[in-house]
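Bear in mind these aren't lab numbers, they're just calculated from the coordinates by the rules spelled out. As the structure is a prediction and not an experimental result, all values here were calculated from the model. Cβ coordinates were reconstructed from backbone atoms using ideal geometry, including for glycine residues, and neighbour counts include every protein chain displayed.
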Amino acid sequence: METTDPVCGMQIDTEKAAATEVVLERTYHFCSTSCHEKFLANPDQYVTPRGSSPEHARRHGC
Ligand SMILES: [Zn+2]
């Protein structure tokens, strides 16, 4: 399954992720351990709540 690394925005295969982290029942996958470390240092910056947010609308227009 393809997913997006929340730190660098890279498309990655969940089976090939270098690291994973579960936050608020969502699993995040990372392309590298350095992205994982950045995520852990500041998770609020990368975790987006379910549903639309202003940031989401700006990125996707939906
Ligand atoms: Zn990454």
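Compute the length gained on full extension between S32 and T3: take 0.36 nm times their separation in residues and subtract their Cα-Cα distance, giving the result in nm to one decimal.
9.1 nm
Taking 7 Å along the Cα-to-C-beta vector as the label spot, tell me the E25-N42 distance in nanometres, rounded to one decimal.
Taking the simple label geometry, E25 and N42 are separated by 2.9 nm.
What value in Å³ per residue do you get for the convex hull of the alpha-carbon atoms in segment 1-40?
Expressed per residue, the convex hull around the Cα atoms of segment 1-40 is 55 Å³.
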